[in-house]
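Take a look at the structure set out below.
Just so you know, all these numbers are worked out from the coordinates, no wet-lab data involved. Not measured: the values here are computed from a predicted model. Virtual Cβ from ideal backbone geometry, glycine too; neighbours counted across all protein chains shown.
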Number of protein chains: 2
Amino acid sequence: MNIGKAAEASGVSAKMIRYYESIGLLAKAARRENGYRDYDERDVHDLRFIKRARNLGFSVEATGELLALWRDKSRASADVKAFAMQHVSDLETKISELQAMTRTLRHLASHCHGDARPECPILDDLATPGSGETEQDAQVSRGRVLRPRAAGAGLRSARRAATT
Amino acid sequence: MNIGKAAEASGVSAKMIRYYESIGLLAKAARRENGYRDYDERDVHDLRFIKRARNLGFSVEATGELLALWRDKSRASADVKAFAMQHVSDLETKISELQAMTRTLRHLASHCHGDARPECPILDDLATPGSGETEQDAQVSRGRVLRPRAAGAGLRSARRAATT
DNA sequence: GCTTGACCTTCCCACGATGGCAAGGTCTAC
DNA sequence: GTAGACCTTGCCATCGTGGGAAGGTCAAGC
């Protein structure tokens, strides 16, 4: 099976399949005479495993450890469970941080008139933090848990009037 | 004030102050005769503003827009509020995704004996998703909301027995 | 005056995970 | 035989941050 088919069958892009191979997450793929990578069902299975672990928020590195555990027939389920629960703990830390942010922002926004006047407690808080409106900060702990992206159009929409 | 003092006073590292200047988030700092950057209280104020916006999860780009709104005396508070609430919405999307992950993982872990035997529903699920244990996936939407870090020692601790 | 150490400068590299593009080779269907 | 879909490798960009090198500057102590 070509890489394109394996990508389609697993949901992992061809680009990422090559990347995973390059960093050693996947074994080097078999090659056919023409140099094309060749995948079988077992490979696709591994790719799906990876895809799913990534969807559950495991880093690529952690995914590698899960793969190793999966292949290790003498593993102890306690280790797998501990590993998973550590990740859950990381996720929950991150969730708490994000929730602290939304709490603060919603609180500030609730005091904002949201009309044509310039006065705004949100900006006031940013400009002079610790002056009363602010709750305890979120202070993002640089988590391994999420990943950023190129800015989409999302935030742009709120910008209309202020800039035109 | 030297960059080191400004960093200390604002909580933004000297490294990041230079970076923010280089990308245009901050105006170019005044220079003294020896070439050192020179900061005053207003600069420190801007830096604190930035620091705080970043702590609330705004991207650097979004922080620039907030700074522009703050400086725009003819702004409408409605624009600030809309901007903030769009960010809240992004944060909540991310929170939901993370919660879906923890839900799934906790569910799987609850069925894991967590003993010395190898059988583990967590790995089973990763290996054969969609076969019953799995709830709807989180499918991370590549959010602008969080940031990753170099893997700490956190996950390592769960690895002991499996690898040694 | 001279040395030491703490600062500052710019520049490059790295991370994590992913996409994009370019230049070239291969295969398949017509 | 040609077009178009595929494959290969390789480099660049993202986003935010830290690390470090190589060199200039300054202040304190001798």
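Residues whose amide H falls under 5 Å from that of A:LEU26, counting only those 5 or more places apart or on a different chain, are A:GLU21, with hydrogens built in the peptide plane. Here the relative contact order of the stretch A:19-140, from alpha carbon pairs under 8 Å that lie six or more residues apart, stands at 15 percent.
A DSSP coil position with no more than 12 other Cβ atoms inside 10 Å describes the following trypsin sites (Lys or Arg not before Pro) in the stretch A:1-59: A:LYS28, A:ARG32. Listed values for the stretch B:60-77 are Karplus-derived 3J(HN,Hα) couplings in whole Hz (6.51 cos²θ - 1.76 cosθ + 1.60, θ = phi - 60°), namely 4, 4, 4, 4, x, 5, 5, 4, 5, 5, 5, 7, 7, 5, 9, 5, 9, 4, and x replaces Gly and Pro. Bridging of B:LYS28 to aspartates and glutamates at a Cα separation below 18 Å is possible for B:ASP38, B:ASP40, B:GLU41, B:ASP43, B:ASP46, B:GLU61, B:GLU65, once same-chain residues fewer than 8 apart are set aside. Averaged over the residues of peptide B:87-99, the number of Cβ atoms from other protein chains lying within 10 Å of each residue's Cβ is 6.
Inter-chain neighbour count for B:102-114: the average number of beta-carbon atoms from partner chains within 10 Å of each residue's beta-carbon is 5.
Computed from phi, the 3J(HN,Hα) profile of the stretch B:91-100 under the Karplus parametrisation 6.51, -1.76, 1.60 (θ = phi - 60°) reads 4, 6, 4, 5, 4, 4, 4, 5, 5, 4 Hz, with x in place of Gly and Pro.
Taking the fewest neighbouring Cβ atoms within 10 Å as the starting point, the ordered list for B:SER13, A:SER59 is B:SER13, A:SER59. Couplings 3J(HN,Hα) for the stretch B:44-57, derived from phi with the Karplus relation 6.51 cos²θ - 1.76 cosθ + 1.60 (θ = phi - 60°), are 4, 4, 4, 5, 5, 4, 4, 4, 5, 4, 5, 5, 8, x Hz, where x marks Gly and Pro. Here the simple spin-label model places points 7 Å from the Cα toward Cβ, and for A:THR93 and B:ALA68 these points are separated by 3.6 nm. For B:ARG18, the point set 7 Å out from Cα toward Cβ sits 3.5 nm from its twins in the other copies, listed from shortest up.
Note on B:42-49: average number of Cβ atoms from other chains within 10 Å of each residue's Cβ is 2. Between the amide H of B:ASP72 and any residue lying 5 or more places away or on another chain, no distance stays under 5 Å, with hydrogens modeled in the peptide plane. This ranking places B:VAL44, A:VAL80 by how few other beta-carbon atoms lie within 10 Å of each, fewest first, which gives B:VAL44, A:VAL80.
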